[in-house]
Amino acid sequence: MDKLTVYTTGPSCGKCSMTKMMLKGKGIPFVEVDITQNPAAHEYVTEELGYSMAPVVVVADDDHWCDMRPDQIDRIAAKFAA
């Protein structure tokens, strides 16, 4: 597993900030993409993945979620530790 991608709506998004903080705290590398500044990313998150809220975390094509999900972050942290 390489880096995750965290799609956010910018610094004013509390759940986005908390998700990034939790990922950093567990040592999980990620790339942030602000969908308010990137129309292609916005289309990907809303049209292709079908999400209507941020953050959206993409681990792989078939492994992603939206909202702040400590359970998912713990699951990914276990994979990084292995």
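The values are calculated or read from the model by the stated rules, or taken from the named source; none is laboratory data. Note that this is a predicted model, so its numbers are computed, not measured. Cβ placement follows ideal geometry from the backbone for every residue including glycine, while neighbour counts extend to all protein chains displayed. For the accessible areas, the whole protein counts, side chains as well, though only heavy atoms, and no ligand, DNA or RNA atoms are used. Shrake-Rupley method; radii C 1.70, N 1.55, O 1.52, S 1.80 Å.
Given the condition surrounded by 13 or more Cβ atoms within 10 Å (Cβ to Cβ), touching a Gly at 6+ places or on another chain (Cβ under 8 Å) and either on the phi < 0 side of the Ramachandran plot or hydroxyl-bearing (Ser, Thr, Tyr) (or both), answer yes or no: does some residue in the stretch 6-26 qualify?
So in the stretch 6-26, the residues surrounded by 13 or more Cβ atoms within 10 Å (Cβ to Cβ) come out as 6-10, 13, 15-20, 22-23, 26.
Imposing the further condition that a residue be touching a Gly at 6+ places or on another chain (Cβ under 8 Å) reduces the set to 16.
Narrowing the set further to residues that are either on the phi < 0 side of the Ramachandran plot or hydroxyl-bearing (Ser, Thr, Tyr) (or both) leaves 16.
Yes, the stretch 6-26 has at least one match.
So residue 31 passes all but one of these: (1) modelled with pLDDT of 95 or more; (2) more than 16 Å from residue 60 (Cα to Cα); (3) surrounded by 11 or more Cβ atoms within 10 Å (Cβ to Cβ). Which condition number does it fail?
The one condition residue 31 does not meet is (2).
May I ask you to verify whether residue 5 is polar (S, T, N, Q), modelled with pLDDT of 95 or more and part of a helix (DSSP H, G or I)?
no
Can you say whether residue 26 is of a type in the set (Lys, Arg), in contact with a strand residue (DSSP E or B) (Cβ under 9 Å, 6 or more places away or on another chain) and in contact (Cβ under 8 Å) with a residue 12 or more places away in the chain, as far as the supplied structure shows? Before you say what the answer is, go through the steps one by one.
Numbers: of a type in the set (Lys, Arg): yes; in contact with a strand residue (DSSP E or B) (Cβ under 9 Å, 6 or more places away or on another chain): no; in contact (Cβ under 8 Å) with a residue 12 or more places away in the chain: yes.
It is false that residue 26 is of a type in the set (Lys, Arg), in contact with a strand residue (DSSP E or B) (Cβ under 9 Å, 6 or more places away or on another chain) and in contact (Cβ under 8 Å) with a residue 12 or more places away in the chain.
I'm trying to understand the selection: among the residues of the stretch 36-76, which are part of a loop (DSSP other than H, G, I, E, B), of a type outside the set (Asp, Glu) and open to solvent by 40 Å² or more (accessible area, probe 1.4 Å)?
First pass over the stretch 36-76, keeping only residues part of a loop (DSSP other than H, G, I, E, B): 36-38, 49-55, 61-62, 67-69.
Narrowing further to those that are of a type outside the set (Asp, Glu): 36-38, 49-55, 68-69.
Result: 36, 37, 38, 50, 51, 52, 53, 68, 69.
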